[in-house]
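Input: a single structure, listed below in structure tokens.
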Amino acid sequence: MKTTLITGINGQDGSYLAEYLLSLGYTVIGLLRRSSSPNLKRIGKVIDKITLEYGDLLDEVSLQRIFKKYPIDEVYNLAAQSFVGLSWEQPIYTSDVNAMGTLKLLEVIRTTSPKTKFYQASTSEMFGMVQEVPQNENTPFYPRSPYGVSKLYAHWMSVNYRESYNIFACSGILFNHESPRRGNEFVTKKIINAIKKNEILRLGNIYSKRDWGYAQEYVEVMYKMLQQNTPEDFVIATGETHTIKEFVETAFAFTGEEIHFEGKDLDEKGYTKSGRLVLEIDQQFYRPAEVNLLVGDASKAKRLLNWEPKVKFNELIEIMMKSDE
């Protein structure tokens, strides 16, 4: 039986990964930051089957304590300040957690448990102003936010520790992946919640294009990466791209209401044919530097990991619309 440590276990990906690894017979340890009211809702289904240890990526001593206490076979580093918009307001905190936090974790593995396999949650935001379409493992990076820059540091540090110290370190360059457990501040969940509550949607650039997959599927490929004989990095994506406006329109279609947009689309002011205000463009949601297009090429993962996404764009939105989570 293997023992794994999941940082960010109470997040979207961490909760799905914990459930998946438990189903495989793993002993699951979750790193939890101490707070007055910890958010354990996402791991509620497995709270009695996992072990939670208080610690922090910025506190190297707490990480060392956990590694000395448990024989950890695998680490999945999913903890991060993961909201791109907030990274503009808190660039130093974002960099501390995402960049230096990852480095401290790698250093603890190097010094206390060098045989532990390490998974780094990298992101398509590292591609930023894309240099080619679609993006694969060889596409040059050009991050466009403090979040993307901080993740790129962590990504390259993982590569460095792999090549310098022979650490089994893999990075999953995951494109956008959503689920009912997505945080409310993220645009997809914001759209879903507004529609369900019949509220006005306030968004920024609705013409940004993203490659959206299903988070529950994506955590399975994280596991697959660490089961390889040789550590490598993989792009994980659907290969399809859709605008935020398409997401809004598709989500409305699942309400069962007779909602018709002016012509084929929303009109410039965001009104439907019925006259009900659906969408309001708000300049405060525009970013200082926009990422207009992300679409991934997961050919390598399909070839070497025998993985490919099954849940399509419409199915993903239906799952989110019908869920009570």
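The values are calculated or read from the model by the stated rules, or taken from the named source; none is laboratory data. Predicted model, so just to flag it, every value in this text is computed and none were measured. Here the Cβ is made from the backbone with ideal geometry for all residues, glycine too, and neighbour counts use every protein chain on show.
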note = Restricting region 281-325 to residues that are surrounded by fewer than 13 Cβ atoms within 10 Å (Cβ to Cβ), charged (D, E, K, R) and not in a loop (DSSP other than H, G, I, E, B), the one modelled with the lowest pLDDT turns out to be LYS322
remark   = Every listed condition ((1) crowded, with 16+ Cβ neighbours inside 10 Å; (2) of a type outside the set (Gly, Ala, Ser); (3) farther than 24 Å from ASP233 by Cα) holds for LEU17 save (3)
Options PRO71, PRO38: the member that is over 21 Å from LEU226 (Cβ atoms) and either part of a loop (DSSP other than H, G, I, E, B) or touching a helix residue (DSSP H, G or I) at 6+ places or on another chain (Cβ under 8 Å) (or both) = PRO38
ask   = Across region 110-132, what is the total count of residues that are crowded, with 21+ Cβ neighbours inside 10 Å and in a helix (DSSP H, G or I)?
value = 3
ask   = LYS189 versus (1) touching a residue at least 40 places away in the same chain (Cβ under 8 Å); (2) within 15 Å of the chain's Cα centre (by Cα); (3) surrounded by 21 or more Cβ atoms within 10 Å (Cβ to Cβ); (4) in a helix (DSSP H, G or I): which is the lone unmet condition?
value = (3)
inquiry  = I'm trying to understand the selection: among the residues of region 157-183, which are under 30 Å from ILE244 (Cα atoms) and hydrophobic (A, V, I, L, M, F, W, C)?
reply    = ILE173, LEU174, PHE175
key: Test for GLN135: is it surrounded by fewer than 20 Cβ atoms within 10 Å (Cβ to Cβ), polar (S, T, N, Q), modelled with pLDDT of 95 or more and over 24 Å from SER15 (Cβ atoms)   = no
query = Any idea how many residues of region 161-186 are surrounded by 22 or more Cβ atoms within 10 Å (Cβ to Cβ), within 12 Å of the chain's Cα centre (by Cα) and small (Gly, Ala, Ser)?
reply = 2
message = Being farther than 22 Å from TYR214 by Cα and aromatic (Phe, Trp, Tyr) is the filter here; which residues of region 1-54 pass it?
response = TYR26, TYR54
request  = Considering every residue within region 19-32, establish whether at least one is part of a strand (DSSP E or B), under 21 Å from PHE83 (Cβ atoms) and in contact with a Pro (Cβ under 8 Å, 6 or more places away or on another chain).
outcome  = yes
ask   = Just to be sure, is GLU107 buried (at least 19 other Cβ atoms within 10 Å of the Cβ), assigned to a helix (DSSP H, G or I) and touching a residue at least 40 places away in the same chain (Cβ under 8 Å)?
value = no
message = If I go through region 110-157 residue by residue, how many of them are of a type in the set (S, T, N, Q) and free of Cβ contacts under 8 Å to residues at least 60 places away in the same chain?
response = 9
key: Residues that are assigned to a helix (DSSP H, G or I) and charged (D, E, K, R), drawn from region 140-160   = LYS151
ask   = Filtering region 65-98 down to residues that are among the small types (Gly, Ala, Ser) and buried (at least 21 other Cβ atoms within 10 Å of the Cβ), which residue is nearest to GLU178 (Cα to Cα)?
value = SER82
